[in-house]
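Asker: Mind looking over this structure? Questions follow.
Read the figures in this text as sums done on the coordinates, not as results from a lab. Just so it is clear, the model here is predicted, and its values are computed rather than measured. Don't worry about glycine lacking a Cβ; one is built from the backbone with ideal geometry, like all the others, and counts go over all protein chains shown.
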Amino acid sequence: MKIIKLLSVLFITALVSSCSSIRVASDYDDAADFSRYKTYAFFKEGIDKAEISDLDKKRIMRAIDAEMQRKGFAKSENPDMLINLFTRSNEQVNVNNWGYNYGWGWGWGWNPWMWGGNYTTVNTSTEGTLYIDIIDAAKKDLVWQGIGTGVLTLDREKKQERINEFVTKILKEYPPLKK
């Protein structure tokens, strides 16, 4: 019985930790001089094409605004860089089988000593990917792209918190540290 409780706790811990993790990556133009970018604005034409609700677009833009200002960048009508975003989502179906069987038997015959259990859990989740692009406003060239992937929430009360987590982790890599 202790084994069942331990496995249950480990399974729930793994499930919760997998839901909260966000995987991030970034790429950038080696020729770009990131030190000259001080001001930003949103690239409206690109953001309008993002296939998410206008409410979620506003949430993401608020989170980007807060993070960029925290990093010392200023929003401007005449910006050095434009910020674009787009998203993707995938439905995930996770099937987990785990169990145990103990005992011994008499070969091919009936085994009165076998006992155990087999447990299957099925859950679904939506995994989303947020792309944040930094575009040189003068050249109209993409100079940096950050990508974050993780499980999304439909809970309205937790959406902004989750979006903030995505944006913070993605923009942690901006500006890039050149080697």
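Asker: Say each of Asp29 and Tyr131 gets a label point 7 Å from the Cα, pointing the same way as Cα to Cβ; how far apart are those two points in nm?
Answerer: It is 1.6 nm.
Asker: With each pseudo-label sitting 7 Å past Cα toward Cβ, what's the Asp48-Thr120 distance in nm, one decimal?
Answerer: 4.9
Asker: A follow-up question, please. Sort 146-156, 126-136, 35-45 for me by packing, meaning the mean count of neighbouring Cβ atoms within 10 Å per residue, highest on top.
Answerer: 126-136, 146-156, 35-45
Asker: Any chance you could run the full-extension gain for Lys38 through Lys172? It's 0.36 nm times the residue separation minus the Cα-Cα distance, nm to one decimal.
Answerer: Computed gain between Lys38 and Lys172 is 46.6 nm.
Asker: Straight-line reach only, C-alpha to C-alpha below 17 angstrom: list the aspartates and glutamates that Lys58 could link to, leaving out same-chain residues fewer than 8 apart.
Answerer: Candidates past the 8-residue exclusion: Glu45, Asp48, Glu67, Asp133, Asp155, Glu157, Glu161, Glu165.
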